[in-house]
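Structure, as structure tokens:
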Amino acid sequence: MVHKELIKKGWECSVNRVAQLMRRAGLKSKTGKKFKVTTDSEHNYPVADNLLNRNFSVDEPNKAWVGDITYMQNTQTQGSLLLLGFASIFAECSIDCDKNSPITQEFYAMVQNKFQYAISGLTF
């Protein structure tokens, strides 16, 4: 990669020469991690029906909400971060929260509580 960038910028050098100079300087390339599939589609859990069917125009509040849960690596704590987000299609507002623990009953209770606040019009 470094060699290719040097060639693009007009430098004349070989791959081996670039590698040798990088070793002498104590430089190492950092390769990206391979994409890891984390979605398990082969499960026996119930799946909600697609009620929106990509119709994102809503004419009254609390008719349609969308949400997502994702895990992210936290390089500072060597752990994972759970990020959750909900958005009201009508009001174009969102609620979100994160937690450094696996999904538990307490986590679901917290999410349900935040969602109830959101649809009742209260703020956090």
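A few comments on the model shown:
- Pairwise FRET efficiency - Met22 versus Asn50, Cβ, R0 = 41 Å, nearest 0.05: 0.20
- Applying 1/(1 + (r/R0)^6) with R0 = 25 Å to the Cβ-Cβ distance of Asp59 and Gln112 gives a FRET efficiency near 0.45.
- Distance between modelled label sites at Val37 and Val15, nm, 7 Å Cα→Cβ extension: 3.0
- When each of Lys9/Lys30; Lys36/Lys114; Lys4/Lys30; Lys36/Lys63 is checked by Cα-Cα distance, pairs over 27 Å: Lys36/Lys114; Lys36/Lys63
- Sorting the segments 47-59, 15-27 by their mean number of nearby beta carbons within 10 angstrom, highest to lowest, gives 15-27, 47-59.
Each value in this text was obtained by applying a stated rule to the coordinates, not by laboratory testing. Predicted model, so just to flag it, every value in this text is computed and none were measured. Counting neighbours? That spans all protein chains shown, and the Cβs are built from the backbone with ideal geometry, glycine included.
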